[in-house]
1. Under a crude label model (7 Å from the Cα following the beta-carbon direction), how far is B:ARG133 from B:SER178 in nanometres?
2. How large is the Rg to Rh ratio of the stretch B:184-237 when both quantities use alpha carbon positions and Rh follows Kirkwood?
3. For helix B:63-75, report the angle its Cα long axis makes with the longest principal axis of the Cα atoms of chain B; keep it between 0 and 90° and round to the nearest 10°.
4. Residues of the stretch C:139-154 with the amide nitrogen closer than 11 Å to a label point 7 Å from the Cα of B:ARG9, along Cα-to-Cβ, please.
5. How far, in degrees from 0 to 90, does helix B:290-318 lean away from the longest principal axis of the Cα atoms of chain B, to the nearest 10?
6. At 7 Å along Cα-to-Cβ for each site, give me the label-to-label distance between A:GLU325 and A:ASP287 in nm.
7. Under the definition of partner shielding as Cβ atoms of other protein chains within 10 Å of a residue Cβ, what is the mean value for peptide B:161-171?
8. In deg cm²/dmol, rounded to 500, what helix-only [θ] at 222 nm does chain B give when every DSSP H run of at least 4 residues adds -39500 (n - 2.57) and the total is split over its residues?
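Here, each number is a calculation from the coordinates, and none is a lab measurement. Because the structure is predicted, anything quoted here is derived from the model rather than measured. Ideal geometry is used to build each Cβ from the backbone, glycine not excepted, and the neighbour counts take in all protein chains shown.
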Amino acid sequence: MPRDSKQNRRSFLGKTAAVGSTLAMGSMAGCADDDPDDGNGNGAAPDELGEQVQELTYLNNPQDYSPQRHDAINFIGERLEEVGFDVNVEVQEWGTLFSRVVDEQDYDLATWWTFFFAEVGDGLLEHFHSNGGSNYYNYENPELDEKLDEQMATPDPDDRRELIHEIQQTLMDDVPKMPLAHMEAPNLYNANVIQNWEPHIRGFNSYFNMTSLEVEGTDTISAAWPEAMGHLNIYAWSGESKLRYQFNMLFDRLIHIDGDYEIDLDLGLATDYELPDEETVIYEFRDHTFHDGEEVTAEDVAFSFNYVVENEIPVFIDQTRYIDEAEVIDDNTVQINLSQPLGPVHLFLGHEIPIVPKHIWEDIDDPVQQETTDDIVIGSGPMEFDYWDEGSELGLTRNDDHFVGVDFENRYWRIIPETSTVFQLLEDEELTYEPFGRVARRTQELLEEDNHLDAAQQLSSDFWHFSMNTDTLDDVQLRKAAVEALPRSGIVEQFIFGFAQRGFNVVSPAFGDLHTDDVTEYEESVDAARDRLADAGYGWDDDGLLHHPE
Amino acid sequence: MGRAQFVVRRTLQLIVTLWAVATALFLLFRSMPGDPTTYIVDPSLSGEARERLIESYGLNEPLHVQYMIYIQDVATLSFGQSFHSNRAVRDIIALYLPRTLLLMLTAFFFAYLIGITVGIIAGWRRNSDFERRSVFIALIARSFPDFWVGLIVLWIFGAWLDVIPMSGMRSGGIQYDSYWNVELWLDTIWHLIAPAAVLGFYLMGYPLLLMRNSMLEVLSQDFIEVCRARGLKERSIMFKHAARNALLPIVTAGAVALGYAVGGSVLIETVFGWPGMGREMVNAVLRRDYPVAQGTFFIFAMTVILLNFIADLAYGFLDPRVTYD
Amino acid sequence: MCAQISQSDGESIFADLDDEGSEREEEISPRKRQLRLYRRALGEQWRVLSQDNLVVASVITLLFFITMAITAPFVAPYGQTERLTADDGTIAQWEQPFWYGGEGGYVLGTTAEGYDLFSQLLYGSRAALLVGLLAAVFVAGIGTMVGLVSGYYGGRVDDALMRLVDFMYGLPLLPTVILLVALAGPSLVNLILAIIVLQWRTTARVIRSQALSLRERPFVKAAKVAGASDRHIILKHLAPNVLPLTFLYGAFSIAWAILTEAGVAFLGLGDPNHVSWGTMLQSARSYNALTHEAWWWFLPPGICIALVVISGFLIGRGYEEITNPELQE
């Protein structure tokens, strides 16, 4: 914690009234007059104090990694101290931080930007199942485990939706993880040139968004990214967004979803699908060619699925668990045999596995180690590889033969680490859009000024999370109290400049009817947190620090 | 001890030193918390996928096996393949190093040319206004953080006056077929001016001050008087006799400063978006891209150590009083 | 124009001190004698130093910053990371200085986080002085000793020490400091240690080459012939002669250390629990203070850094003129 945290304990009255978040308003106003150091708390103080609630280590990213988030974490730390938690905000460089949380679970609280893939069920399984690979909360709930397993194997959409709703309800009541804010990525763009950004679950760089853009007055759209691409090998990919946004354009998928989170058969290679039984899916696909002029055959499609399994491609390893084998039925039909029943088969498989040319990849021994050549970037997507000046710029150009196509001739991404430079170039019309979704005061200003810039703003599945190690915070009342202390509205208003919605459910409203509003809601109030803890028998010592019930 | 023996002994020591550096680098990087997947992976990637990635990097092998592979790589100067880009580390160095050298050597050339010349004159014209002013400017140049000056230069000349490019080493949206395109070169030079000037200004102070001090040392020695007594021209004494002898400390300091500047260029490269080696090096550390980090650190170490080695030998030739014992 | 040569280079500049001390009392207590000599030398030095206006100005500047560092908690209107709130209850972000029309009466305005910039600037002097002075003392001290020992003894000792220096040289400053800080955690102490570990090499190398030359000079040979111990020769004959360089590199070390701290902070690995001028610049950059024309955020820390660094240089230079009579008129 900052050294002078005592002085820091000034009450914060968020702009809640202004934004009209009725839920939190009353209690937020109340806390302004409250003396947070009052050792007796808000409830009846127990005569005897139990053991002190142990110090909580809240890992924070360095400021430059994300200034707003860094500051928000400090701010949350201050609020938790008002409740009586003994919080130690520890700044670690990102690699260390991530490893400490995910690998070692050597943390108590953590916050960063995260999201679920379009297929949310697998993400929930991965995060909240006792054996989940990303369950760094050490969260265990046998009943929930069953539901998590079940939903993945439930093909009936209605039954599955019901299960996912129940899972959300349990999760939001047990709160191992609380979303602070559902991001509404404010991607700036030059409105003189680009129109028609369509909302989409995966944000503005999705296939759906790019193919629905309308571009006028120029052939070329340009953007900036802070980090170099590294490589362009889709099988060596480890999920980085910067590469996802290129691969989206270069490679086709069988299935794509539209802005309403519905499968649209006009967008992907597949023209029809069939599910003859629980472990089989048949795709029919359109006539199409790869960028090198070769036809996309059933051999290629089947190969693309089998190749991923045979080579245990890291980024698709979750998918390979479900694929047994893909086989050619006829020239335009492929059948995928699953190794176990899979509910969300289209989103989880058809939407994720890229279709690659067999004639190029079949000769490559180790696709994961393959370095980038002109061959391996050949796909059949709406844009093809043009040039790559490593570390500086990557250029793609339109594939005129694509069945959906894009409304611009070229797109290039420059590598610019300095944020202020990016804003300047946007102002100077040297960049046409900003794919990174920087949230800054400048974003807001540029939008308010009378200029050519506009922002496409919409709810995606991205969110800032607040995660707790349930080994330390094993009492659900402690977790709930911590959640109630989170100044979510203040964070949205003052740290994210309103480019977000107050977080309330890990499965964001962007997931359409998979999301439910019917989850436990939490007040935003230090008072409420203290009342809750007092009711649960917790007490405060003379320094205002929280103690367990005796 | 004879010269030949000295060279042989120093060469053997050179190999031991390089081995020690290589081993230290291996240990340093492996004791860092986190692994290559922690930085590059989107937090949404599953745990199993991360394990598979680590396996594909060969990081599931026991440490001593990794070390043996690494030492072999170092011995052959191949350094293996980057985790982050799947590219041979050698290729990465071949790509990024020339860019940094372009920036660095330009800045260095002007900084040392101006710095040494002004330093000689300042030392010669002791207590003149010229000396006071030049020393003061050198101190100023050396005192402001270069990234700070860089950002101000960008703000004034880039954002406000709009006379210099804001970022990168080339203009966007143009594809050049060859490196030998005149327009590409002009464009690159255009982008080079601001970062090289900021860097050059910063670097200038060091050779200037060092040269001036060294001149004062030399000028106080007898042989200058001897030169004077022989009736040599002042200009000739200043540049030929005094400056030549005074260059000695600059040779040692300058040689290593160059190698050292490559590592220090990271700040200017970040500010001006210059896609160079310094940034790549720091990114490799942060990404835990061990092969690239080890490779670039080692190449750096080797260059500096070799320059030192050469400077050591040169020292012997330049200063006859040094003996090889 | 040419410097007048008052001494032949065959004599130790402290020769007069060496020859003194014939008084009886001091023969009994060599320590007393030494103390007296140092006191006299320091007094003499200050007399010469105070003649140079720039040096006096620098000393005053440094004293000013030292006072600032000591009195920061009493002078600063707010804590260094005390979150300030505006009248409407929101965080007082981006307030302008009061003399620039800003609200809230902040001397230098507030940061994007709602911290008082003036208070941060005051507290920031602590980190800068700590890093600069500690690093300078250790870098110059370790470097000089290693350089002298190496240059004087030559042979195996020289080989071993110089290979160690080579080894250290093999590590690029900023990337290695970043590596060490990433390894040990971002804190001021780790940063200072990393800077010391990586910086003494330059001093050692330069001092060693000076020592190599010096030991061939007649006065050293004479001392050897006269049977002086190695320790005596190193401390009494070599050390005084390399002092100007030690001070020069000490001064440079202040600069390097403070600038390195700023650079590391700029790359985001500064000590998050201590506000320094470097971390202030980093925040200013992270929040694009210049884009918002909040120059009162970006300029003052840089100017403070430069002032401390320049003061170090000028004092070092003044010192050099005293201790090295060859440079005097």
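1. 4.8
2. Values: Rg = 19.2 Å, Rh = 14.3 Å.
Ratio of gyration radius to Kirkwood radius: 1.34.
3. Tilt relative to chain B: about 50 degrees.
4. Only C:154 fall inside the zone, counting backbone N under 11 Å.
5. For helix B:290-318, the angle is close to 20 degrees.
6. The two pseudo-label positions are separated by 3.0 nm.
7. Values: counts 0, 2, 0, 0, 3, 10, 12, 9, 3, 4, 3.
Mean shielding by partner chains, rounded to a whole number: 4.
8. Values: 13 runs with 229 residues, N = 325.
After summing the helix terms and dividing by the residues of chain B, the value is -24000 deg cm²/dmol.
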